[in-house]
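What follows is calculated from the coordinates using simple rules that are stated; it is not laboratory data. It should be emphasised that the depicted structure is a prediction, and the values quoted were computed from it without experimental measurement. Methodologically, a virtual Cβ is constructed for each residue, glycine included, from the backbone with ideal geometry; neighbour enumeration extends over all protein chains shown.
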Amino acid sequence: MTEKIKVIVVDDESRLRRGIEKLIRSNGEEWEIVGSYATGQSCLDDVVKLDLPFDVLFTDVKMPLMSGLELLTRLNERVSKSYYAVIISGYDDFEFIQKAMREGALDYLLKPIDRLEMQVCLDKINAKFHKNEVLSEPESKNISIEIATQWIHEHLHESLTIEKIAGKVFMNATYFSEYFKRKTGETVLDYITKNRMEKAITLLKTTNMKIYEISLATGYTDTKYFSKLFKKHYGMLPSQIRHGE
């Protein structure tokens, strides 16, 4: 007997969830829906408490209480078995999530879900499954961290808060802050400061920008405060670096 591909579907929109399940079932008897959930928390509870076996997870990104990315993060902390995760999003800014995905780590579908795109997605999973390829290695795929750090790098010139960054990965700010520290070994604030200082010294050495311009370009409206942080980080003032002292 052919081993069935066990699937979990998580989406707070019941109509969309049923539609996904219908598309999966129409693909053949080898596909089995083992879990259907309206919330990330209910999915997490069953997977952990019931030791629910699954090979594929379809999850919406934006859901109340626990987002799809937070669900993946929490599952990756508790599930040792590899699985294939497919993210569903209806957001225009989904491009930054796509760019942050490592090749082969995830697939994605944009709302409204196109039947042909769904078929391609299922065919790809099916091929990997029956070739006994590792679908994904969850613990090595720190998806939320990759997305957050990429976003930070692109917005160092802006006013950054943990709440704003956590919102970009659809996670609770407190949980995201703790998770970031656990995975990177540094706080979000320390990470931001380090990267701002690295950007600052690069600009000092490679451009003719004035100190106050570099301060603004690295997210600091107060030039004196910027210089104080810079000296704390490098042991020298920006002006000393500029003049080669």
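Summary table below
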read-out	value
Area projected by the alpha carbon convex hull of the stretch 142-245, averaged over all directions, nm²	6.6
Virtual spin-label span in nm between Met236 and Val48, 7 Å along Cα→Cβ	5.0
Rough spin-label spacing in nm, given labels placed 7 Å along Cα→Cβ, for Lys81 and Lys4	1.3
Environment charge of Cys43, counting only residues whose C-beta is closer than 13 Å and scoring Lys/Arg +1, Asp/Glu -1	-2
Residues Lys183, Lys6, sorted so that the one with the fewest Cβ neighbours within 10 Å comes first	Lys183, Lys6
Dipole-positive endmost among Leu122, Ile87, Ala200 within the chain (Cβ charges, Cα centre)	Ala200
Among 169-175, 27-33, the order from most to least packed when residues are scored by Cβ within 10 Å on average	169-175, 27-33
Over 25 Å (Cα to Cα) - which of Lys168/Lys224; Lys168/Lys210; Lys205/Lys231; Lys4/Lys128 fall in this group	Lys168/Lys224; Lys168/Lys210
Dipole magnitude of the chain, debye to nearest 20 (Cβ charges: Lys/Arg +1, Asp/Glu -1, about Cα centre)	900
Two-decimal log10 I(q)/I(0) for the chain, as the Debye equation yields it once each C-alpha is a single scatterer, q = 0.13, 0.17 Å⁻¹	-0.81, -1.18
